[in-house]
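One structure is given below, encoded as structure tokens.
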Amino acid sequence: MLLLVLGFAVPTLAQEFDYLIRNGRVVDGSGNPWIYADVGIIGDRIVFVGRADASLVAKRTIDAKSLIVAPGFIDMLGQSESNLLIDKQAVSKLTQGITTEITGEGDSIAPTNELLNQEHADYFQHFHITPDWKSLEEYFQRLTKQGSGINLATYVGAAQVRHMVIGAADRVPTADELKQMEIMVDDAMSDGAMGLSSALIYAPGSYAKTDELIALAKVAAKKGGIYASHIRGEGDSEMAALDEAFRIGREAGIPVEIFHLKAAGMQNWGRMPQVIAAIEQARAKGVDVTADQYPYIGAATSLGAAIPPKYHEGGADEFVKRLKGPAIRQQIRRDLDGTGGSFENLWREVGGANGVLVVSVLDPQLRKYEGKTMSQIAKMENKDPLDALMDLVIADRDNVGAVYFLMSEPDVKLAMQQPWVSVGTDYGAINPVGPLGESKAHPRAYGCFARILGKYVREEHNLRLEDAIRKFTSLPAQREKLDHRGLLRTDYFADITIFDPDKVRDLATFDDPNKPSVGFEYIFVNGTLALEHDKVTGQLGGRPLRGPGYIMRDYLPEGLPPRGKVQGVVTDEGGWPLPRATVTVLDAGGKVVGSAHSRRNGSYEIVLEKPCNNCLLKAEHMGFAAQQRSGVDYNRSNSLWFGFALERSN
């Protein structure tokens, strides 16, 4: 026990902390009960977790009395890859405790080309985005250069590479085309994609057959990725859709993540036990399958998604053109009013026009429709509801966002209780002010994690606090193989969320969605204080996170320039280690820029955030004569090693 305590206490002998968080109740992300502990941060890393001596100093000390100190929350499905290029602050994420987002649902930010960029030209022009990247690495470089409020990782989309190779055609790829798609997936995995994703209710992703997805998933599997899917049906055909996902996992030898788990459609409410049983059975048979969810009964996607995928073939312009044809409109009406069909019938699942709420448009002239149901819009326009829906899709070139009230509260709560279900907002980072606040939204954009902590943990006791935090942190970090994230451990990245368990709650509603959550006192992203007292600080600590197949992982695991350190060993003149020697780095003006105490084996290391030219390195120990090294040049990228053999004083 003595050795364990001494080993745990070693970090208290290190250099001055940048931040020392004292007196908090630490919920470390493992699911274990909370403990009282202090947390020390230097640079972008956690360097101490334990009870800190009162004499320890820090550049800033935070008193976390009565607060919960947890790892930063991980959003298992966001949609922020473009949003961060418009507003890099990520306000709606940080204000609910999120420090990392995984994105890329079927479509992905890369790879891309001019043809695909033209498909989204109206969006890029509206938000003044210049799509100057082609590969995922080029996108990551752009994000790194501009800065980001949160960490961002992404899948490579199966629909993205299909669209790159064969466009929006509804057909099977040739052998050569499939090979091109496989190469694109392999390249994206080498650039740092987390795996392969699919969204199988949307065109052109819905045109992919299972064998095509298996072939692409095998490529991702070889580089350690996972297969994440918006499955082919979440309502009437959900069991068959789950079976397809399980098959892909088995035959590709790849872990499976089910996006936004639900039992969709009023006719399917109460079926969550069967859904859970199917997943549990697959797990029992060796399929590594997990899921994520958001804690709301309303889903969100495009208004155009209510129209069956077969009408979307050829892209947005062809889709809009078709909607103008009277014969096509009548066929769509028959498809949506029917009870069969091989597509996800969102219109039927919500019970028609009253169950569809328009939340966002791209054309400002259409903003009067935001916040209104399709039933209300139909009355405004004196039209049949389906005609009003199709006309609105036409008017905004399929850029209308909508909420579909698909789920039941008991199903949502039951899914939440499963130990293999994490949390995803399924919404991009937005801001109540600025260009991303010009439209309404789904309240999940601002409220998912706070809603679980306030409503489902504190008020309804649907989850233990520690279990909720595990769902937010170590569960997704383990799933995505996020290195040194998801737990409060020494040497882990300092992504930390500190909140008041008595005050945390979501404020966003379907009527008034653009309201940040409250109760979050401090958020750190890679050691940068990104939020304080519910307000974003403007400091950008986020960075791109690369997946397990990243080609430069052995050299640049974070995709950042290499960071060196000043290190070495201190001994006596006979070569015996000298613990607790003080090693100090002083700049050319004599100012201390870093220091550390040697460990029990005599070793020391000092991480300096900035280069230091013509510096002085000094080693001191009581009872020994001090030694120094002058003219030290440290460039921050390459490590330096200095040994000291101190002589005893007379």
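Miscellaneous remarks
- Once the convex hull of all Cα atoms in the stretch 247-294 is built, its volume per residue stands at 77 Å³.
- For the chain, size of Cβ-based charge dipole, Lys and Arg +1, Asp and Glu -1, in debye: 1140
- Relative contact order (percent, whole number), the stretch 14-135, Cα cutoff 8 Å, 6+ residue spacing: 22
- The modelled label-to-label distance between Lys610 and Val433, using points 7 Å beyond Cα along the C-beta direction, is 3.1 nm.
- Highest-first arrangement of 59-66, 534-541, 43-50, 472-479, where packing means the average Cβ count within 10 Å: 472-479, 43-50, 534-541, 59-66
- Counting only protein heavy atoms and a 1.4 Å probe, the stretch 509-650 has 51 square angstrom of accessible area per residue.
- Helix 136-146 axis versus longest C-alpha principal axis of the chain: approximately 60°, rounded to the nearest ten.
- Lone cysteines, the chain (no partner Cβ under 4.7 Å): Cys448
- Under 9 Å, Cβ to Cβ, from Tyr296 - net charge with Lys/Arg +1 and Asp/Glu -1: +2
- Potential extension, Lys179-Gln118 segment - 0.36 nm per residue separation minus Cα distance: 19.5 nm
- Solvent-accessible area per residue in the stretch 272-361 equals 40 Å², computed with a 1.4 angstrom probe and all protein chains kept.
- Per atom type, the chain shows carbon and sulfur on 51% of its accessible surface, probed at 1.4 Å.
- Ranking Ile498, Ala278, Gly371 by how far each Cα lies toward the positive end of the dipole of the chain (charges on Cβ) leaves Ile498 at the top.
- Surface exposure of the stretch 17-132, expressed per residue as accessible area with a 1.4 Å probe, stands at 35 Å².
- Relative contact order, percent, the chain [alpha-carbon distance under 8 Å, six or more residues apart]: 17
- Between Arg283 and Ser55, the contour length at 0.36 nm per residue exceeds the alpha carbon distance by 77.0 nm.
- Only one residue of Phe124, Gly167, Pro204 has its Cα farthest out toward the positive end of the dipole of the stretch 120-235, where Lys and Arg carry +1 and Asp and Glu -1 on Cβ, and that residue is Pro204.
- Acute angle (nearest 10 degrees) that the helix 175-191 long axis makes with the longest principal axis of the chain, alpha-carbon atoms: 30
- Rg [Å, one decimal], Dmax [Å, integer] - the stretch 181-284, C-alpha atoms: 14.0, 44
- Rounded tilt (10° steps) of 238-252 against the dominant C-alpha axis of the chain: 50
- Expressed per residue, the C-alpha convex hull volume of the stretch 530-606 stands at 211 Å³.
- For the stretch 493-578, the relative contact order comes to 17 percent (Cα pairs under 8 Å, sequence separation of at least 6).
- Projecting the Cα atoms of Gly424, Leu362, Pro435 onto the charge dipole of the stretch 339-481, computed from C-beta unit charges around the Cα centre, puts Gly424 farthest toward the positive end.
- By the Stokes-Einstein formula, at 0.890 mPa s and 25 °C, the chain with its Kirkwood radius over alpha-carbon pairs has D equal to 93 µm²/s.
- With the helix formula -39500 (n - 2.57) applied to DSSP H stretches of n ≥ 4, the chain reaches a computed 222 nm mean residue ellipticity of -8000 deg cm²/dmol.
The values are calculated or read from the model by the stated rules, or taken from the named source; none is laboratory data. Note that this is a predicted model, so its numbers are computed, not measured. Virtual Cβ from ideal backbone geometry, glycine too; neighbours counted across all protein chains shown. Accessible surface is based on the protein model in full, side chains and every heavy atom, while ligands, DNA and RNA are left aside. Shrake-Rupley method; radii C 1.70, N 1.55, O 1.52, S 1.80 Å.
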